[in-house]
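Structure, as structure tokens:
The values are calculated or read from the model by the stated rules, or taken from the named source; none is laboratory data. What you see is a predicted model; the values in this text were computed from it and never measured. Every residue, glycine as well, gets a Cβ built from its backbone with ideal geometry; the counts of neighbours run over all protein chains shown. The accessibility values were calculated without ligands, DNA or RNA, using every heavy atom of the protein model including side chains. Shrake-Rupley method; radii C 1.70, N 1.55, O 1.52, S 1.80 Å.
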Amino acid sequence: MISSAVMRPGLRARITTLLLLLSVAPPCAVVWIIRGRVLALARAEDEGRIADALAEFEAAIAREGKDADEALESVARFLENDPRFRGIPAAGRGPSFPADAAASLMVDAKLDCLSILDVAGTVLASGHAPASVGSADRRRLGLRASTSSFIEEEITPGIGRVLTLQSRRVAARAGREIHLVGGRFLDAEFLGRLSPGGTVRALLLDRGGAILSASDPANPPPVPAGWRGPRAGRGRIDIRGIPHSYRMIPLHDHEGHAIGSLVAAVSIARAERLSSSLGTIAVVVVATGIGGSLLLGFVLARGVTGPLRRLEDMSLRIAAERYEPVEGVQGPGEIGALVSAFNRMARSLAESRERLRQTERLAAAEEVARRVAHEIKNPLSPIALTLEGLVRTRQARPREFDAAFDAAVRTIQEEIQRIRGILEDFSRFGRLPVPRPRPSDLNEVVHRAVALFAGYGDRARVVAELDPALPPVSIDPDRMSEAINNLVGNSVQALQGTGGTITVTTRPAAGGAEIRVSDTGPGLPEEVLRHLFEPYVSARPGGTGLGMAIARRIVLDHGGRIEAGNHPGGGACVRILLPWGGPGAGEAGAGPAAPRGSGPEGPAPDAAAGGEDAWRRS
């Protein structure tokens with residue numbers, strides 16, 4: 001039967017769990033899906049803005065490069081056609097370019113930088129860096145004509161280091177070639193045009209990770225942590241405590257060398273706020289669902305489990321042979337019908353139990369009467385025959401009557417004594433005294449019981465093998481001695497025809513003490529073995545069949561267990577297990593622990609007969 005502690009929480013837990021799943025799981029799943037979808041859209045939008053900014057950067061590079069190339073073309077035509085510059089030599093022979101000519105040409109062409117070089121790479125004029133005039137810069141001659149490339153310049157005094165986008169044009173003057181190199185600065189103004197709304201923060205880094213320019217010079221984004229040179233990458237950075245997602249692309253010069261990186265970052269604060277808000281909504285939904293489910297589960301569980309608890313209590317009472325119906329239980333339709341059916345079953349069981357008890361009492365009385373009549377009839381037959389013999393002797397041989405009378409009296413007295421013993425056995429079985437257990441030396445009890453059979457001599461030799469380290473056991477010595485006497489006496493009677501050895505042993509077992517009585521006789525028949533501990537079952541003619549039943553009753557009254565079986569090589573064995581603490585202590589295993597290496601050795605050999613559940617009182 002399911003215990004109350006298991007049934008009650010189990011049913012309530014199942015009802016509450018079901019309600020939690022039905023009321024919490026679907027909303028949570030919906031909120032979680034919506035949250036993931038919204039965050040994915042927000043992140044996709046942020047990534048789209050970064051992608052748009054990078055695409056705009058590439059488009060701006062192409063656009064600015066084309067504009068710079070067209071501007072250089074116009075400067076070349078101007079130099080070739082303007083009479084002011086026709087007389088100026090191309091390689092420094094005679095008068096050079098006027099000091100402000102390159103600056104004027106740069107402003108007219110709407111360029112940020114402009115340098116005029118001869119075929120040797122010597123700077124003839126520079127509009128943005130006048131201090132470089134006369135210096136050699138052959139790497140600019142490596143720029144592909146009409147193609148824009150990134151160039152890092154150090155402009156002193158004034159601007160300092162700056163990343164530029166420049167193109168090269170070849171112009172002819174006075175029959176000689178000159179090279180026009182110019183373009184745009186990639187400065188804050190240029191980066192600001194990548195995101196007109198200011199939602200994308202841009203940053204230009206040189207090859208060493210130093211900031212060259214930023215879309216917001218007053219508040220530039222930080223260099224990404226773990227920066228290891230120009231490379232592609234993405235990640236997260238904080239700008240004044242606001243989280244941003246960034247992407248980084250490398251920039252290369254006309255020779256393919258990495259000269260810097262462009263970092264584009266966009267704020268993800270909105271996505272973070274959405275995530276936090278949706279998380280709060282999810283927590284509120286879950287908390288509300290849990291609270292509502294617990295309340296509803298408590299109400300439903302109380303309406304369902306209340307009657308079921310009463311039914312469980314009724315089941316326990318029925319197990320204890322108490323058949324009172326469940327009173328005052330109201331519940332849902334099916335529960336109420338179950339209670340009514342249970343009450344009808346309880347009343348039917350009570351009536352059936354009463355009829356069964358009456359039948360059992362009548363059957364027991366009939367069986368006792370039959371057994372008593374059978375046992376008394378056996379000694380009555382010799383008494384009747386003896387009296388008939390006396391009558392014939394008196395009539396036929398009067399002189400022998402006195403001698404025959406004395407013999408007849410002895411025979412009648414013996415049979416009467418036998419009848420008295422039978423009646424005493426039946427009477428004693430019906431009123432066995434309640435045991436008075438106390439800590440006792442079990443070895444001493446066994447030794448006294450075995451000593452009573454020492455006079456049987458050659459018919460049966462009784463040997464005691466007692467464990468001297470056996471702790472005291474809580475028993476009634478007189479009652480237990482009677483049980484041992486019955487067991488040893490049965491073994492002695494089994495060996496009357498063949499002789500043999502009876503061995504009585506004691507040893508510690510799991511949770512108690514063990515007594516074994518085994519013999520070398522013929523063993524017990526299978527039919528007798530199955531019913532050995534029932535009243536009126538005997539393995540020998542003339543026995544009352546009460547000795548083993550009395551022994552079983554005594555052992556069970558001590559909270560113990562008794563089993564019987566046959567040895568494979570012949571002979572019977574009876575095993576008694578007694579708890580250390582006496583009746584009621586077997587469940588807890590009270591008493592001293594069994595010494596190491598002396599645990600139980602299992603039930604008696606072969607199939608045990610009549611054994612009760614271990615440590616259970618009858």
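Kindly indicate the residue of region 13-45 that is modelled with pLDDT of 75 or more and of a type in the set (D, E, K, R) and also farthest from Thr164 (Cα to Cα) among those meeting that condition. Only one residue tops the list, namely Arg37. Looking only at residues of region 259-284 that are of a type in the set (Val, Ile, Thr) and open to solvent by less than 10 Å² (accessible area, probe 1.4 Å), we find that the one that is farthest from Arg240 (Cα to Cα) is Ile259. Within 16 Å of Asp118 (Cα to Cα) and not aliphatic (A, V, I, L, M): is that true of Arg176 in this structure? Yes. Scanning region 130-147 for any residue that is part of a loop (DSSP other than H, G, I, E, B), open to solvent by 60 Å² or more (accessible area, probe 1.4 Å) and free of Cβ contacts under 8 Å to residues at least 24 places away in the same chain turns up at least one such residue.
Count of region 492-520 residues, restricted to those that are more than 49 Å from the chain's Cα centre (by Cα), in contact (Cβ under 8 Å) with a residue 24 or more places away in the chain and open to solvent by 10 Å² or more (accessible area, probe 1.4 Å), is 11.
Which members of region 525-539 meet the condition of being open to solvent by 40 Å² or more (accessible area, probe 1.4 Å) and in a loop (DSSP other than H, G, I, E, B)? Within region 525-539, Pro525, His531, Glu534, Pro535, Tyr536, Ser538, Ala539 meet the criteria.
I'd like the full set of residues that are in contact with a helix residue (DSSP H, G or I) (Cβ under 8 Å, 6 or more places away or on another chain) and buried (at least 16 other Cβ atoms within 10 Å of the Cβ), limited to region 227-248. Within region 227-248, Ser245, Tyr246, Arg247 qualify.
When Leu387, Leu380, Leu356, Leu362 are checked against the criterion of being open to solvent by 60 Å² or more (accessible area, probe 1.4 Å) and at pLDDT 80 or above, a single residue qualifies: Leu387. If you filter region 199-226 down to residues that are in contact with a Ser or Thr (Cβ under 8 Å, 6 or more places away or on another chain) and either open to solvent by 50 Å² or more (accessible area, probe 1.4 Å) or of a type outside the set (Gly, Ala, Ser) (or both), you find that the one that is modelled with the lowest pLDDT is Thr199.
Would region 581-602 turn up any residue that is at pLDDT 50 or above and not small (Gly, Ala, Ser)? Checking region 581-602: at least one residue is at pLDDT 50 or above and not small (Gly, Ala, Ser).
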